[in-house]
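Asker: My structure is below; once you've seen it, I'll send some questions.
Values in this text are rule-based calculations from the coordinates and carry no lab data. Source: prediction; values computed, not measured. Here Cβ is always computed from backbone atoms with ideal geometry, including for glycine, and neighbour counts include all displayed protein chains.
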Amino acid sequence: MKFGILTSGGDCAGLNAVIRSIGLYLLNNVKNAEIVGIPDGYGGLIRGESYPLRREDFEDILALGGTILRTTRQPFKKMTVAEEGGSRLSKMVANYKKMGLDCLFTLGGAGTHKTAALLRMEGGKVIGVPKTIDNDIYGTDVTFGFQTAVEVATEAFDRIFTTARSHSRVMLVEIMGNKAGWLTLHTGIAAGADMILIPEMPFSLDAVCDFVTARVNAGERCTMIAVAEGAQLDYEAKFKKEDRAFVRTELGETTVTRHLSEVITERTGAEARYSVLGYLQRGGTPCAFDRLLCSRLGGYAARLAAAGRFGVTVAFAGNKVTFNALADIAGKYKFVSPESDIVRFAKDIGISFGVNA
Ligand code: F6P
């Protein structure tokens, strides 16, 4: 059997650990398994590029950050648009056949799964593996790369806390996550943030400033705020996504963090500063939790392939490695519910979400 592997969308820690686990499972358990890597995600499939992966390619990559296969973002909405030589989808289908693949592993996030579901509808035998630091893939309790990003962001937050305390400042720490606030929520709780602002819970400037003022009046030395990249003001949330993006771009920014730190200083008199953690959260070696998760998800995906179970994405749910039909999860996201236990618990221990009760 011939197997292809690609990694698509934004990278994260653990991609190579999954590649390794798929490769080792196939080489150890499937007679005459032939494995090829497709470079640059769906980009390589559109161009029809692949190269052999051998046992030695899987050595020494368990702890390696990034992806040995490289990656690109290929917007889903462009997949079926007619272009020179046919749509990207028709090129991928043709190249899948030309490569003689019996199965294609697609390691990626929600967008990757949507495209994988299209390929499946065209007869491709695909198996997805859920990757993203955003942890927003429907049908799995956790995605690989998420926990590493939580660890990195938590360490950064801890460090920023000590300087905030020395200077008696309000510190805003911007954490990745445009649509979903999981990374900010977990980091905020793990690092002892006083306030957590996530896209799912639009915040009020009044509530944020009142909270900071109350802390200053109570003699607190500093205030630590975890701000998701996609955090939004309550009045912004009423705009359509495009209009919101337009207003932000007019102001010369894509996130609300700098504006918020200025407003806090103006309105409360407290000295506010901000730090954007950015790509630190995606780079580097996976933590032990992710190495284990990647090894289990990759091995399980390969086992499904060997058993001829296609059109699925593997998942970790209810403390078990399992799978979902691609058709059931493609296009769906998993967001933080403001009513969830974890949010309620955070509020119970005094964390503010910038929303007036
Ligand atoms: O991969 C997820 C993510 O890191 C998001 O948290 C973030 O909004 C986005 O990717 C950044 O994407 P890019 O790599 O295209 O700047």
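Asker: Would you tally the net charge around M99, using a Cβ to Cβ cut-off of less than 13 Å, leaving M99 out, and scoring K and R as +1, D and E as -1? If you can, show how the numbers build up before the last one.
Answerer: Values: positive: K2, R47, K91, K97, K98, K125; negative: E34, E49, D102.
Its environment carries a net charge of +3.
Asker: While we're here: Could you calculate the contour length gain from D206 to E242, that is, 0.36 nm times the residue separation minus the distance between their Cα atoms, to one decimal place in nm?
Answerer: Value of the extension gain: 10.4 nm.
Asker: What is the Å³ per residue value for the convex hull set by the Cα atoms of the chain? It would help to have the intermediate numbers written out before the result.
Answerer: Values: hull volume 48.0 nm³, N = 357.
Cα convex hull per residue, to the nearest whole number: 134 Å³.
Asker: Can you work out the base-10 log of I(q)/I(0) for region 147-282 at q = 0.11, 0.12 1/Å, using the Debye formula on its C-alpha atoms alone?
Answerer: Debye intensities relative to I(0), on a log10 scale: -0.36, -0.43.
Asker: Over the chain, with a Gaussian network built from C-alpha contacts below 10 Å, which listed residue (V129, V36, V312) shows the highest mean-square fluctuation?
Answerer: V36
Asker: Can I ask one more? Taking 0.36 nm per intervening residue step and subtracting the Cα-Cα distance, what contour gain separates L251 from F335 on full extension?
Answerer: Numbers: separation 84, 0.36 × 84 = 30.24 nm, distance 2.75 nm.
Fully extending the segment from L251 to F335 adds 27.5 nm.
Asker: Let me ask something else about it. Along the positive direction of the dipole of the chain (beta-carbon charges: Lys, Arg +1; Asp, Glu -1; about the Cα centre), which of A327, G354, A245 reaches farthest?
Answerer: Comparing the listed Cα positions along the dipole, A327 ranks first.
Asker: May I ask you to sort D57, D206, D40 by Cβ crowding, counting other Cβ atoms within 10 Å and putting the fewest first? Write out the running numbers ahead of the final one.
Answerer: Working: D57 16, D206 12, D40 19.
With the fewest neighbours first, D57, D206, D40 line up as D206, D57, D40.
Asker: Compute the distance in nm between two label points, each set 7 Å from the Cα along the Cα-to-Cβ direction, one at R309 and one at D234.
Answerer: 4.7
Asker: Okay, moving on. Just to confirm the filter: which GluC sites (Glu not before Pro) across region 20-77 are DSSP coil and have at most 14 other Cβ within 10 angstrom of their Cβ?
Answerer: Numbers: sites: E34, E49, E56, E59; in loops: E49, E59.
When the GluC sites (Glu not before Pro) of region 20-77 are filtered for loop state and at most 14 Cβ neighbours within 10 Å, E59 remain.
Asker: Give me the Kirkwood hydrodynamic radius of region 208-333 in Å, from all C-alpha pairs, to one decimal place? Numbers along the way, then the final one.
Answerer: Values: mean 1/r = 0.0523 Å⁻¹.
It works out to 19.1 Å.
Asker: Quick one: Cα centre-to-centre distance for region 197-236 and region 128-180, in angstrom?
Answerer: 17
Asker: 5 Å is the cut-off here: which amide hydrogens, built 1.01 Å from N in the peptide plane, fall below it relative to A317, excluding neighbours closer than 5 in sequence?
Answerer: D141, T322
Asker: Output wanted: per-residue J couplings in Hz (rounded whole) for region 145-157, from phi through Karplus 6.51 cos²θ - 1.76 cosθ + 1.60, θ = phi - 60°, x for Gly and Pro.
Answerer: Result, ordered by residue: x, 5, 5, 4, 5, 4, 4, 5, 5, 5, 5, 4, 4 Hz.
Asker: Same structure, new question: Convert each backbone phi in region 21-27 into a coupling constant with the Karplus relation 6.51 cos²θ - 1.76 cosθ + 1.60 (shift: θ = phi - 60°), then list the ³J(HN,Hα) values in order as whole Hz, x for Gly and Pro.
Answerer: 5, 4, x, 5, 4, 5, 5
Asker: List the relative contact order of region 123-217 as a percent without decimals, with contacts defined as Cα pairs under 8 Å and 6+ residues apart.
Answerer: Values: 83 pairs, mean separation 21.6, N = 95.
Computed over region 123-217, the figure is 23 percent.
Asker: Return the single residue from N324, N178, N28 with maximal mean-square fluctuation; model: Gaussian network over the chain, springs between Cα atoms under 10 Å.
Answerer: Its mean-square fluctuation being the largest, the pick is N28.
Asker: Residue by residue, what Karplus-based ³J(HN,Hα) values in Hz, rounded to whole numbers, does region 189-198 have, using 6.51, -1.76 and 1.60 with θ = phi - 60° and x for Gly and Pro?
Answerer: Per residue, the Karplus-derived 3J(HN,Hα) values read 5, 4, 9, x, 5, 7, 9, 10, 10, 10 Hz.
Asker: Want the number for T162 to N217: 0.36 nm per residue separation, take away the alpha-carbon distance, what's left? Intermediate values should be presented prior to the final figure.
Answerer: On the way: separation 55, 0.36 × 55 = 19.80 nm, distance 2.06 nm.
17.7 nm is the gain from fully extending T162 to N217.
Asker: Turning to a different aspect of this structure: Enter the angle in degrees (range 0 to 90, nearest 10) between the Cα long axis of helix 110-121 and the first principal axis of the Cα atoms of the chain, meaning the one along which they spread out most.
Answerer: 30
Asker: Okay, moving on. Amide H of I137 versus every other amide H placed in the peptide plane: which residues, excluding those fewer than 5 positions away on the same chain, fall under 5 Å?
Answerer: Counting only residues 5 or more places away or on other chains, the set is K334.
Asker: Considering only Cα-Cα distances, which of the following residue pairs are longer than 19 Å: K78/K240; K2/K97; K131/K332; K77/K114; K91/K114?
Answerer: Numbers: K78/K240 21 Å; K2/K97 11 Å; K131/K332 15 Å; K77/K114 10 Å; K91/K114 17 Å.
From the list (K78/K240; K2/K97; K131/K332; K77/K114; K91/K114), the Cα-Cα distance tops 19 Å for K78/K240.
Asker: Using the basic label-point model (7 angstrom from Cα toward the beta carbon), what is the H259 to S90 distance in nanometres?
Answerer: Placing both labels 7 Å beyond Cα along the Cβ direction yields 4.3 nm.
Asker: Something else now. List the GluC sites (Glu not before Pro) within region 234-336 that fall in a DSSP loop (any state other than H, G, I, E or B) and whose Cβ has at most 16 other Cβ atoms within 10 Å. Walk me through the numbers before you get to the answer.
Answerer: Details: sites: E236, E242, E250, E253, E262, E266, E271; in loops: E253, E271.
Those that pass, being in a loop and sparsely packed, are E253, E271.
Asker: For T223, list long-range residues whose amide hydrogen, built 1.01 Å from N in the peptide plane, is under 5 Å from its own amide hydrogen.
Answerer: The list, which skips near neighbours in sequence, is R169, V170, M171.
Asker: Just add up the charged neighbours of E220: K/R +1, D/E -1, any other residue whose Cβ is under 11 Å from the Cβ of E220. Could you put the intermediate results ahead of the total?
Answerer: Numbers: positive: R165, R215, R221; negative: D194.
Summing Lys/Arg as +1 and Asp/Glu as -1 gives +2.
Asker: Then there's this: If you add up the charges near I189, with Lys and Arg at +1 and Asp and Glu at -1, over every other residue whose beta carbon is less than 14 angstrom from its beta carbon, what do you get? Display every interim value, and only then the final one.
Answerer: Working: positive: R344, K347; negative: E151, D158, D194, D341, D348.
Summing Lys and Arg as +1 and Asp and Glu as -1 gives -3.
Asker: Let me ask something additional. If you put +1 on each Lys and Arg Cβ and -1 on each Asp and Glu Cβ, how big is the dipole of the chain around its Cα centre, in Debye rounded to 20? Walk me through the intermediate numbers first.
Answerer: Details: 42 positive and 39 negative charges, 263 e Å.
Charge dipole of the chain: 1260 debye, to the nearest 20.
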